[in-house]
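The values are calculated or read from the model by the stated rules, or taken from the named source; none is laboratory data. Please read all numbers here as calculations on a predicted model, not as lab measurements. FYI the Cβ positions are ideal-geometry reconstructions off the backbone, even for glycines, and counts take in every protein chain you see. The area values use the complete protein model at the heavy-atom level, side chains included, leaving out ligands, DNA and RNA. Shrake-Rupley method; radii C 1.70, N 1.55, O 1.52, S 1.80 Å.
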Amino acid sequence: KRYEEETNLRCQLIIDQSSSMYYPESNYGKMRFSVMAAAALTYLFHRQRDAVGLHTFSDQLEIETPVKSSASHVHKLFLQLNELLETQKTEKRTNVTSILNQLAQKIHRRSLVIIFSDMFDNEANEDELMSALQHLKHKKHEVLLFHVTDHHTELDFDFDDRPHEFIDTATQEKIRLNPASIKKVFRQQMDNYYKELYMNCTKLKIDLIEADINQGFEQILKAYLIKRQKMS
């Protein structure tokens, strides 16, 4: 048992629980996708006798569990993940930078840190965010960052050609416009944002995976299995 504890992987699942993750509100798509993906990974970890812990966050840490591999612990994680599926949206902002710095201090043993977030941070600029990710790497953790989006609307901005009312999920600020009038500019800005995020993660040797909630969980499991193979 001691040998297994020292050699098996230690995994930390980190899920963004801020308001923007409950988009689209019709089915809380990004949050539901992240929770289900985390559950699938938890099952894999258990089958491989890896230890796993769960954290969720908004502008503060919401859930914090120990890192264990026992069947009873994994059962508790599944119950907590199921509760997250049933949790109604609350108006919570996010502070990815602060949370990642806190986690870098809290996670003492080398781990695989898997983050599910849309990375729509209301507080941090790009430099501060990269500094927080670098903090995790400095602590010798491996990081797998799933950039969770509804690609169809959030990146492609593909809406019907008619006036829509858009509501900021964090501030509830509303604006009415025809998507076609800003689509080109919006897509360019999002493309630039993602490219910069990807380049910065590459410099830090962090795996950034574009996780489209409409594409199923194969993209998540494949990225994890590739990462694990590299670490073994």
Neighbours by Cβ (under 6 Å, 6+ apart or cross-chain): first from the range 65-91, surrounded by 10 or more Cβ atoms within 10 Å (Cβ to Cβ); second among the charged types (D, E, K, R) | Val67/Arg10; Ser69/Arg49
Given the conditions (1) aliphatic (A, V, I, L, M); (2) farther than 20 Å from His147 by Cα; (3) touching an Asp or Glu at 6+ places or on another chain (Cβ under 7 Å), report the number of the one that Ala51 does not fulfil.
-> (3)
For the range 32-41, does any single residue satisfy the condition of being open to solvent by 30 Å² or more (accessible area, probe 1.4 Å) and under 13 Å from the mean Cα position of the chain (by Cα)?
-> yes
By residue number, the members of the range 61-83 that are of a type in the set (Asp, Glu) and in contact with a Ser or Thr (Cβ under 6 Å, 6 or more places away or on another chain) are Glu62
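Of the residues in the range 135-151, how many are in contact with a Lys or Arg (Cβ under 9 Å, 6 or more places away or on another chain), open to solvent by 10 Å² or more (accessible area, probe 1.4 Å) and more than 14 Å from Ile209 (Cβ to Cβ)?
Looking only at that region, the number is 4.
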Only one of (1) more than 16 Å from Thr87 (Cβ to Cβ); (2) at pLDDT below 95; (3) buried (at least 18 other Cβ atoms within 10 Å of the Cβ) does not apply to Glu4, and that is (3)
Filtered residues of the range 160-171 (kept if in a loop (DSSP other than H, G, I, E, B) and either on the phi > 0 side of the Ramachandran plot or open to solvent by less than 60 Å² (accessible area, probe 1.4 Å) (or both)) = Thr169, Ala170
Which one of the conditions (1) more than 28 Å from Lys222 (Cβ to Cβ); (2) open to solvent by less than 50 Å² (accessible area, probe 1.4 Å) does Ala51 fail to meet, given that it meets all the rest?
-> (1)
Pairs only if they're at least six apart or on different chains, beta carbon under 6 angstrom, first in the range 174-191 and open to solvent by 90 Å² or more (accessible area, probe 1.4 Å), second of a type in the set (Val, Ile, Thr); list them, first residue then second.
-> Lys174/Ile167
Filter pass, Tyr23 being over 25 Å from Ala104 (Cα atoms) and crowded, with 21+ Cβ neighbours inside 10 Å | yes
Return the total of residues in the range 206-222 being exposed (fewer than 14 other Cβ atoms within 10 Å of the Cβ) and in a helix (DSSP H, G or I).
-> 2
Within the bounds of the range 29-49, is there any residue that is more than 23 Å from Thr171 (Cα to Cα) and assigned to a loop (DSSP other than H, G, I, E, B)?
-> yes
Output yes when any residue across the range 123-131 is small (Gly, Ala, Ser) and open to solvent by 50 Å² or more (accessible area, probe 1.4 Å), and no when none is.
-> yes
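Residues are listed down the side, and each one gets a yes or a no for (1) in contact with a strand residue (DSSP E or B) (Cβ under 6 Å, 6 or more places away or on another chain); (2) over 20 Å from Val52 (Cβ atoms):
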position	(1), (2)
Lys184	no, yes
Tyr198	yes, yes
Glu210	yes, yes
Gly216	no, yes
Ile220	no, no
